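J.: Quick one: this structure, given as structure tokens, is what I'll be asking you about.
The values are calculated or read from the model by the stated rules, or taken from the named source; none is laboratory data. On a predicted model such as this, the values are computed, not experimentally measured, just so you know. We place every Cβ from the backbone using ideal geometry, glycine too, and count neighbours over all the protein chains shown. Heavy atoms of the whole protein, side chains included, go into the accessibility calculation; ligands, DNA and RNA do not. Shrake-Rupley method; radii C 1.70, N 1.55, O 1.52, S 1.80 Å.
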Amino acid sequence: MRLGPKPATLGLLLLCAVAAGAGEAEELHYPQGEHRTDYDREALLGGQEEVDEYVKLAPEEQQKRLKSIIKKIDLDSDGFLTESELSSWIQMSFKHYAMQEAKQQFVEYDKNSDGSVSWDEYNIQMYDRVIDFDENTALDDAEEESFRQLHLKDKKRFDKANQDSDPGLNLEEFIAFEHPEEVDYMTEFVIQEALEEHDKNGDGFVSLEEFLGDYRRDPTSEDPEWILVEKDRFLNDYDKDADGSLDPQELLSWVVPNNQGIAQEEALHLIDEMDLNSDRKLSEAEILENQDLFLTSEATDYGRQLHDEYFYHDEL
């Protein structure tokens, strides 16, 4: 029987799956170039059941909660939402839900309810059994060896997240394990893990060739489209000093999801679509005029915030 992860969150391993499925998701999200808001709702609310609950909310209550959210986004209380205020709110929303998910997972992983998740408990939750690979012995089967490497990386991240003498992880440490990009003391680990995977010549940097991985250019044909896209990202998004390689900080911007960039893009998109008087900010009236658009955006986590008292309650 082959060993493998259960269908659950795999922490940093999910980044690979997200990258692999990006093209398919894009096609579902924008079929023939048309934006599907129902896809947004299902993807962000979690499924049809949550979408149905969103739709059931009475219009009066929906608008009341939306107005409360608008006031909280408006940090300077001037009656308008700027790009900066919208971006900050969206980033806060991203982090809030990531932390909420980690807290829910903590309870599931903590099998004996002692307030700590041990390595054995993590294995049982993920794989239904305790797995122990020899760190120094490679496996003959390529698939098994790949899984061994991923499992050993998980163990290293688990040990790094553990900050005290307790062999298990408390809630704060578990959050660091599941979301190392959100915790300062895990930053160096994230960078080193990325260097181990991509820095093939060991010089402490990632070149364009290393960035592209196993791709080898065929001199008799043109580069495929995906290679051109990746080269553009390397040159224009990540290699800030244009020296032809990624230093540790530049590498971090590649391997860690850039929520700030995503939030800024969404904030600009909302202003472009909803700003009726071209003053580059949104009034409550403009938002209510385009309520459906606002409720199918990341500013409200696609309507999810209207069902979460953390966002619409008077005190945030």
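J.: Has the range 189-197 got any residue that is touching a Leu at 6+ places or on another chain (Cβ under 8 Å), part of a helix (DSSP H, G or I) and among the acidic types (Asp, Glu)?
T.: To start, the set of residues in the range 189-197 that are touching a Leu at 6+ places or on another chain (Cβ under 8 Å) comprises 190-191, 193-195.
Subset that is part of a helix (DSSP H, G or I): 190-191, 193-195.
Now restrict to residues that are among the acidic types (Asp, Glu): 193.
Scanning the range 189-197, I find at least one residue that is touching a Leu at 6+ places or on another chain (Cβ under 8 Å), part of a helix (DSSP H, G or I) and among the acidic types (Asp, Glu), so the answer is yes.
J.: Separate question: In the range 123-167, how many are assigned to a loop (DSSP other than H, G, I, E, B) and either over 21 Å from Glu188 (Cα atoms) or open to solvent by 60 Å² or more (accessible area, probe 1.4 Å) (or both)? Explain how you work it out, then say what you get.
T.: Within the range 123-167, the subset assigned to a loop (DSSP other than H, G, I, E, B) is 128-141, 162-167.
The next check asks that each one be either over 21 Å from Glu188 (Cα atoms) or open to solvent by 60 Å² or more (accessible area, probe 1.4 Å) (or both); those that pass are 128-141, 163-167.
Total meeting the criteria: 19.
J.: Out of Val183, Val190, Val107, report the one residue that is open to solvent by 80 Å² or more (accessible area, probe 1.4 Å) and closer than 30 Å to Ala263 by Cβ. Reasoning before the result, please.
T.: Numbers: Val183 fails: open to solvent by 80 Å² or more (accessible area, probe 1.4 Å); Val190 fails: open to solvent by 80 Å² or more (accessible area, probe 1.4 Å).
Step by step, each of Val183, Val190, Val107 is checked, and only Val107 is open to solvent by 80 Å² or more (accessible area, probe 1.4 Å) and closer than 30 Å to Ala263 by Cβ.
J.: Kindly list, by first and then second residue, each pair from a residue in the range 95-115 that is basic (Lys, Arg) to a residue that is surrounded by 13 or more Cβ atoms within 10 Å (Cβ to Cβ) and not in a loop (DSSP other than H, G, I, E, B), limited to pairs with Cβ atoms under 6 Å and residues at least 6 apart or on different chains.
T.: Close Cβ pairs (under 6 Å, with a partner that is surrounded by 13 or more Cβ atoms within 10 Å (Cβ to Cβ) and not in a loop (DSSP other than H, G, I, E, B)) amount to Lys111/Glu121.
J.: Inside the range 185-224, can you point out the residues that are at pLDDT 90 or above, of a type in the set (Asp, Glu) and more than 18 Å from Phe158 (Cβ to Cβ)?
T.: Asp199, Asp203, Glu209, Glu210
J.: Just one of the numbered conditions (1) in contact with a helix residue (DSSP H, G or I) (Cβ under 6 Å, 6 or more places away or on another chain); (2) within 24 Å of Met126 (Cα to Cα); (3) not aliphatic (A, V, I, L, M) is not true of Tyr238; which one?
T.: Of everything listed in (1) in contact with a helix residue (DSSP H, G or I) (Cβ under 6 Å, 6 or more places away or on another chain); (2) within 24 Å of Met126 (Cα to Cα); (3) not aliphatic (A, V, I, L, M), Tyr238 misses just condition (2).
J.: Wholly within the range 198-281, which helices (runs of 4 or more DSSP H) include no fewer than the required count, namely at least 1 residues that are open to solvent by less than 50 Å² (accessible area, probe 1.4 Å) and more than 28 Å from Lys95 (Cα to Cα)?
T.: Working: elements: 208-212, 225-233, 248-255, 259-274.
By residue number, 208-212, 225-233.
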